[in-house]
Amino acid sequence: MSHSLAYEAVKKARKGLIRVKIVVDERSRRIADVRITGDFFMYPEDALWKLEDELRGAALDASEVTAKVRRALEGVRLVGSTPEDFTEAVLAALRGAGVRE
Amino acid sequence: MRELRVLLYETPHDPYMNLAFEEAFTRVRAADLTCDTLRIWRNDRAVVIGYFQEAGAEVKLAEAEKLGIRVVRRFTGGGAVYHDLGNINFALAIKAEGVKDPISYLYSYLIGGALRALKLLGASPRLENVNDIVVNQRKVSGVAASTRWGVYFLHGCILVNADLTALAKVLRVPKEKLRDKGVSEVKYRVANLSEVLGRELSYRELVKALVKGYEELLKAESYVDLPSKEEVRVAQLLYEYKYSRNEWNLYRAPHSAFKNLEEKLKEILA
């Protein structure tokens, strides 16, 4: 039997939408998988996959998730969005899993 | 005087090859096997999605398939665009010295050639919200850019007389965006340049305006060229191993997922 549940959120940044899909392992209360998509601009582009890697395995804890997003986006140039937009999008998805800030 | 190479190479019937060639000419420029290049090209009935997008979230895939509209991914970020022969695409791969801010070089300076082109055609274009080109309050063009591979790359599309009904049929407009823009349907935000200017515009006219616009901006003299043998070979490899594959077009795999391809490209581009 699967113990994973998926949660989604969409955040509108000044320029672009950030869509987040997160699969949570309910037994370990950790992020099993995450996918962040949208029409934003990020430089270097492949920082997005690094951000996803960073979040995989993270505990369902708002401050841990926030710190991981900040760390992954350090030195990354966003055009029309901010690291806070990405944090908010991820936390919005996790709210469904009971994560509170 | 600086030279600007102009390529009119296009494969409208095969959007996968068109996008493969877009990456090819950029990487061949990056490897210094060609010089600064402006490419002007068209696709026939395709949706081109951004590097970070989820295909199914942006495109009504079943509807697109029914209408014979293919979905292909580009290597730059940003949103989904509808292409047909009424849409003209331009792309630049440029090397420049002493650029302090690459993002502003791309989105504030290099976009200027397209703005000049629109002025030459009689429009009064404005740049809005980073990458939208607006004429008479209607979006007629959007651009996206990258600095990957060590080259300044900018591309965009201009709606000239595209089928906006087909566009509205296949592109999903997220409700979060509608709220923001205060409009009800995608076709009311975008417009064809021919409609905005109230006259027919030919492909030739657009090509001439874009070439002149970029000649002026870059203070360069242009010459029309054919694809180099490296561009053709690189495009073939990119087509075969990436741009014709669902893994790239639909599943949002990053460039790094195509390791065998990168090995093969190294032999040409190293």
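The values are calculated or read from the model by the stated rules, or taken from the named source; none is laboratory data. Bear in mind the structure is a predicted one, so any value in this text is a computation, not a measurement. Cβ coordinates were reconstructed from backbone atoms using ideal geometry, including for glycine residues, and neighbour counts include every protein chain displayed. Just the protein is used for accessible areas: all its heavy atoms, side chains included, with ligands, DNA and RNA removed. Shrake-Rupley method; radii C 1.70, N 1.55, O 1.52, S 1.80 Å.
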Cα to Cα, under 18 Å, and not fewer than 8 places away if on the same chain: which lysines meet these conditions relative to residue B:95?
B:219
A student applying the Cα gyration tensor rule (rounded when a/c is under 1.5; otherwise prolate if a/b is larger than b/c, oblate if not) would label chain B oblate
Summarise the partner chain shielding of A:8-15 as one whole number: the mean count of Cβ atoms from other chains within 10 Å of each residue's Cβ.
3
Segment B:121-176 to segment B:45-86: how many Å between their Cα centroids?
14
Restricting to DSSP H runs of at least four residues, report the calculated mean residue ellipticity at 222 nm for chain B, -39500 (n - 2.57) per run over all residues, nearest 500 deg cm²/dmol.
-10000 deg cm²/dmol
Which of B:208/B:229; B:229/B:264; B:119/B:139; A:21/A:50 have a Cα-Cα distance over 21 Å?
B:208/B:229
For segment B:253-270, in residue order, the Karplus 3J(HN,Hα) values (coefficients 6.51, -1.76, 1.60; θ = phi - 60°; whole Hz; Gly and Pro = x) are 6, x, 3, 5, 6, 9, 5, 4, 4, 4, 4, 5, 5, 4, 4, 8, 9, 5
What number comes out for the charge environment of residue A:61, summing +1 per Lys or Arg and -1 per Asp or Glu over other residues with Cβ under 12 Å away?
+2
With each label point set 7 Å from Cα along the Cα-Cβ vector, what nm distance links residue B:266 and residue B:8?
3.9
Could you rank the peptides B:102-109, B:255-262 by their average count of other C-beta atoms within 10 Å per residue, with the highest value first?
B:102-109, B:255-262
How shielded is B:45-53 by partner chains, expressed as the average number of their Cβ atoms within 10 Å of its Cβ atoms?
4
Classify segment A:1-49 from the C-alpha gyration tensor, please: rounded if a/c falls under 1.5, else prolate or oblate depending on whether a/b exceeds b/c.
prolate
Other residues with Cβ under 9 Å from the Cβ of residue B:41 give, with Lys and Arg +1 and Asp and Glu -1, a net charge of 0
Using a Förster distance of 35 angstrom, determine the FRET efficiency expected from the C-beta separation of residue B:247 and residue B:199, and round it to 0.05.
0.20
Figure the gain on full extension for residue B:66 and residue B:103 (residue separation times 0.36 nm, minus the Cα-Cα span) and round it to one decimal in nm.
9.5 nm
If you take each beta carbon of peptide A:75-81 and count the beta carbons of other chains within 10 angstrom, what is the mean?
3
Roll a 1.4 Å probe over the protein chains and send me the accessible area per residue for segment B:2-265 in Å².
40
Tensor-based shape of segment A:4-95 (alpha-carbon gyration tensor, a/c under 1.5 rounded, otherwise prolate or oblate):
prolate
Per-residue HN-Hα couplings for segment B:8-19, Karplus 6.51 cos²θ - 1.76 cosθ + 1.60 at θ = phi - 60°, whole Hz, x for Gly and Pro?
10, 5, 8, 10, x, 6, 10, x, 5, 5, 4, 6
Residues of segment B:48-81 with amide nitrogen under 13 Å from the 7 Å Cα-to-Cβ point of residue A:21?
B:53-59
Using θ = phi - 60° and the Karplus form 6.51 cos²θ - 1.76 cosθ + 1.60, what ³J(HN,Hα) does each residue of segment A:73-82 get, whole Hz, x for Gly and Pro?
9, 5, x, 8, 8, 9, 10, x, 8, 10
Whose amide H sits under 5 Å from the amide H of residue B:71, counting only residues 5 or more places off or on another chain, with H placed in the peptide plane?
B:47
Percent of Cα-Cα pairs per 10 Å bin, from 0 to the last occupied bin, for the protein assembly as shown, please list those.
5, 24, 33, 25, 10, 3, 0
